[in-house]
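The values are calculated or read from the model by the stated rules, or taken from the named source; none is laboratory data. Please read all numbers here as calculations on a predicted model, not as lab measurements. Because the Cβ atoms are built from the backbone with ideal geometry, glycine has one as well, and the counts that use them run over all protein chains shown.
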Amino acid sequence: MAESSPKPVVMWTTLNYPPWEIASGPLQDKGILDLFRKDLVAHLPQFHHELQAGITSERRESLLRRRMDVCELSMIETPKRLRYTVFTRRKYQILAPPRLIGERRDMLALDNAGRAVNLAQMMESGGLRLGLLAGRSYGVDLDAQLATLSQHYPDRVLMLKTTSESGLGGLIQHLKHKRIDLTIGYSYEAETVRRSDPDHPNLAFLPIQGVAKPLVIGISCADTAIGRQVVNAIDALPANAMDFWQVERAYEAMLPPEERRWVMEQAAQHLHPVGGVKDNAQQE
């Protein structure tokens, strides 16, 4: 009897970013995305799945660029990444746009009756230091703004390295110690920091001009033969094969009420009731 061919090996990369991905400790592999990944790979038995846990955003990007057979769950689709990454057509989460974050007392001067902040004018008008997480994408529109600002203000638009576990929490520590004045992130991240760090600064959030579209999140793999097979297999799963909305529900529960309503409206518009992108959805 002939031996069966070995299954293609796919490596799933994860950050150590509670409560989404937890790479160590008593809750290891019990994060929101960890549980979603376990459910997903159970429906992909044609592959042999391995896990590389607790890497950084930069390391993850490097593995994709090098065309290793890796996949991951939370990358934002951008034209740059499409050069070396393939994304599922099926989407499982809607993210509200990132916001400008700073200590409340420092944000008062920027708050124009809740209207969106023009980042170029903000950087031109003063000596503010903007700290960003190295290797992170904030979506096509904001990435373009930040690339321009980084060229004009290389000493004040700072790409900072923190552990994958700390994420925005690491940037907020920089805020607390006055190494930066402002940062950019998502409100759900700040809520996670608030719950875990009682000594965090009193934060305020402002919308950013030119950044209003929801971010539609799917699953991505390196653009290799195996990576394309995995993406095609995920897109071919029946819509009711698993609970594709489990991550979206957990995310919505972390949001402030007004933002939660907006995200729920966007999810109803862009996602099928049982998970996956609608045929007429606009992919950003």
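List every residue pair whose Cβ atoms lie under 6 Å apart, where the two residues are 6 or more positions apart in sequence or sit on different chains, the first residue falls within the range 123-135 and is closer than 19 Å to I55 by Cβ, and the second residue, located anywhere, is exposed (fewer than 13 other Cβ atoms within 10 Å of the Cβ) and modelled with pLDDT under 95.
A134/K161
List pairs: first in the range 137-152 and free of Cβ contacts under 8 Å to residues at least 40 places away in the same chain and more than 11 Å from P97 (Cβ to Cβ), second surrounded by 15 or more Cβ atoms within 10 Å (Cβ to Cβ) and among the β-branched types (V, I, T), Cβ under 8 Å, 6+ apart or cross-chain?
Pairs that qualify, where the first residue is free of Cβ contacts under 8 Å to residues at least 40 places away in the same chain and more than 11 Å from P97 (Cβ to Cβ) and the partner is surrounded by 15 or more Cβ atoms within 10 Å (Cβ to Cβ) and among the β-branched types (V, I, T), are L146/V157; L146/I184; L149/V157; S150/V157.
From E265, E284, E248, grab the single residue that is assigned to a helix (DSSP H, G or I) and either under 23 Å from V86 (Cβ atoms) or modelled with pLDDT under 85 (or both). Show your work before the answer.
Values: E265 fails: either under 23 Å from V86 (Cβ atoms) or modelled with pLDDT under 85 (or both); E284 fails: assigned to a helix (DSSP H, G or I).
The match here is E248.
When you check S57 against the structure, is it surrounded by fewer than 19 Cβ atoms within 10 Å (Cβ to Cβ) and polar (S, T, N, Q), yes or no?
Values: surrounded by fewer than 19 Cβ atoms within 10 Å (Cβ to Cβ): no; polar (S, T, N, Q): yes.
When the stated conditions are applied, S57 does not pass them.
Residue under question is V70, and the condition is that it be touching an Asp or Glu at 6+ places or on another chain (Cβ under 6 Å), of a type in the set (V, I, T), over 30 Å from H177 (Cα atoms) and at pLDDT 90 or above; does it hold?
On the way: touching an Asp or Glu at 6+ places or on another chain (Cβ under 6 Å): no; of a type in the set (V, I, T): yes; over 30 Å from H177 (Cα atoms): yes; at pLDDT 90 or above: yes.
For V70, the condition - touching an Asp or Glu at 6+ places or on another chain (Cβ under 6 Å), of a type in the set (V, I, T), over 30 Å from H177 (Cα atoms) and at pLDDT 90 or above - is not met.
Just for the range 27-48: of the residues that are assigned to a loop (DSSP other than H, G, I, E, B) and modelled with pLDDT of 90 or more, which one is surrounded by the most Cβ atoms within 10 Å (Cβ to Cβ)? I'd like the intermediate steps shown before the answer.
Just the residues of the range 27-48 that are assigned to a loop (DSSP other than H, G, I, E, B), to begin with: 27-31, 43-47.
Those still in the list that are modelled with pLDDT of 90 or more too: 30-31, 43-47.
On the way: K30: 14, G31: 21, H43: 13, L44: 17, P45: 10, Q46: 10, F47: 17.
Of everything passing the filter in the range 27-48, G31 is surrounded by the most Cβ atoms within 10 Å (Cβ to Cβ).
Any residue that is of a type outside the set (F, W, Y) and within 27 Å of L132 (Cα to Cα) - is there at least one of those in the range 3-11?
If we filter the range 3-11 for residues that are of a type outside the set (F, W, Y), which is where we start, we get 3-11.
From the residues that got through so far, the ones that are within 27 Å of L132 (Cα to Cα) too are none.
The answer is no; no qualifying residue exists.
Here are F244, F205: which of them is within 19 Å of the chain's Cα centre (by Cα), within 26 Å of A120 (Cβ to Cβ) and either crowded, with 17+ Cβ neighbours inside 10 Å or not hydroxyl-bearing (S, T, Y) (or both)?
Only one candidate passes the filter, namely F205.
Pairs under 9 Å by beta carbon, first residue within 19 Å of E191 (Cβ to Cβ) in the range 257-272, partner of a type in the set (V, I, T) and surrounded by 17 or more Cβ atoms within 10 Å (Cβ to Cβ), six or more apart or different chains?
V263/I94; M264/I94; Q266/I94; Q266/V216; A267/I94
Considering S62, S24, which residue is outside any loop (DSSP other than H, G, I, E, B), among the hydroxyl-bearing types (S, T, Y) and at pLDDT below 95? Walk me through it before giving the result.
Values: S24 fails: outside any loop (DSSP other than H, G, I, E, B).
Matching residue, one of S62, S24: S62.
Quick one: is I101 under 24 Å from G169 (Cα atoms), surrounded by 18 or more Cβ atoms within 10 Å (Cβ to Cβ) and over 13 Å from the mean Cα position of the chain (by Cα)? Outline the logic, then answer.
Values: under 24 Å from G169 (Cα atoms): yes; surrounded by 18 or more Cβ atoms within 10 Å (Cβ to Cβ): yes; over 13 Å from the mean Cα position of the chain (by Cα): yes.
Yes: the conditions hold for I101.
Only one of I219, I234 is outside any helix (DSSP H, G or I), buried (at least 19 other Cβ atoms within 10 Å of the Cβ) and aliphatic (A, V, I, L, M). Can you tell me which? Write out each step before concluding.
Numbers: I234 fails: outside any helix (DSSP H, G or I).
Within the list I219, I234, the selection yields I219.
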